[in-house]
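Read the figures in this text as sums done on the coordinates, not as results from a lab. Keep in mind it's a predicted model, so treat the numbers as computed, not measured. When we count neighbours, we look across all protein chains shown, and the Cβ atoms used for this are built from the backbone with ideal geometry, even at glycine.
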Amino acid sequence: MIKISPSILSADFANLQRDIEAIATADYVHVDVMDGLFVPNISIGVPVVKSIKPVSKLPLDVHLMIQRPVRYVEQFCDAGGDVVTCHVEADTEEGIHEALDRIRAKGKRCGVVVKPKTPASTVLPFIDKCDMILVMTVEPGFGGQSFLFDQMDKVRRIRARLDEINPACDLEVDGGINAETAPVAIEAGANILVAGSAVFGKKDRRAAIAALRGQH
Ligand code: DX5
Ligand code: ZN
């Protein structure tokens, strides 16, 4: 079953409650956290996660695009993050292990993320303790970019490793997902799709979510 995680980066921040209520048929709420250092943009922080938690019954999928995430993972868990993911490029291997362990110790689900230029092999040291692997299909930092088809080989490789080592682990893709690219990512092995503009850029969010699931 394919799951949809709409990214509120493309929502109207002045009407966040209204926009989150409009995606109640999705499976997660994707929250993009950016520090202006790991990526050239600044977005949502801990207080916003805390505020949106009571607004939705959906689990919060918190994507941390921040340097040395170990410094903040516990705060994002306490604020209401249900799945918290960290970029493998954001710290040493040891630092990422420590971040994942702290998320787990909070009773939350954890995962790692890879940027487009980062090889699939970099997730291997973490694969057995992850609940989710996230493959970026755009350079992180901004919504509304075009899907990078050349990332599908990475998705296929990681899917093959997960099938062997950790089949319960979710494989998520993020960036440029729309009704045309969704089937490509699913065919390659993704089972959770993040979509910002393809959901919040549409008037009928319910129909947009259904279209990503392949329902017309
Ligand atoms: C990019 C973010 C994405 C982004 C996706 O750094 O991680 O979640 O919001 O936006 P779309 O779906 O518009 O590419
Ligand atoms: Zn994201």
**Prompt:** HN-Hα J couplings of the stretch 169-180 from phi, Karplus 6.51/-1.76/1.60, θ = phi - 60°, integer Hz, Gly and Pro as x?
**Reply:** 6, 6, 10, 10, 10, 8, x, x, 7, 9, 4, 8
**Prompt:** Amide H to amide H, which residues 5 or more places from A195 or on other chains are under 5 Å from it, using H placed in the peptide plane?
**Reply:** S5, S7
**Sorted by Cβ density within 10 Å, fewest first, the residues L171, L193** = L171, L193
**Prompt:** What is the distance in Å between the Cα centres of the stretch 177-216 and the stretch 58-96?
**Reply:** 25
**Prompt:** Build a GNM of the chain with springs between Cα atoms under 10 Å: which of I42, I192, I177 gets the top mean-square fluctuation?
**Reply:** I42
**Message:** Considering only C-alpha atoms, what is the centroid distance from the stretch 149-166 to the stretch 16-51, in Å?
**Reply:** 27
**Request:** State whether the stretch 60-216 is rounded, prolate or oblate according to the following rule on the C-alpha gyration tensor (a ≥ b ≥ c being the square roots of its eigenvalues): a/c under 1.5 gives rounded; otherwise a/b larger than b/c gives prolate, and the remaining case gives oblate.
**Result:** prolate
**Request:** Would you mind checking K3/K117; K108/K154; K50/K154; K106/K202 for any pair whose Cα atoms are more than 32 angstrom apart?
**Result:** K50/K154; K106/K202
**Request:** Could you work out which residue, out of A168, A22, A198, moves most in a Gaussian network model of the chain, that is, has the largest mean-square fluctuation with Cα springs under 10 Å?
**Result:** A168
**Per-residue ³J(HN,Hα) for the stretch 66-75, Karplus 6.51 cos²θ - 1.76 cosθ + 1.60, θ = phi - 60°, Hz, x for Gly and Pro** = 9, 5, 6, x, 3, 5, 10, 4, 5, 5
**Message:** From the Cα trace of the stretch 42-103, what convex hull volume per residue do you get, rounded to a whole Å³?
**Reply:** 71
**Item:** C110 long-range amide H proximity, modeled H, under 5 Å
**Value:** V84, D131, M132
**Prompt:** At 222 nm, what helix-only mean residue ellipticity would the chain give, in deg cm²/dmol to the nearest 500, using -39500 (n - 2.57) for each DSSP H run of four or more?
**Reply:** -8500 deg cm²/dmol
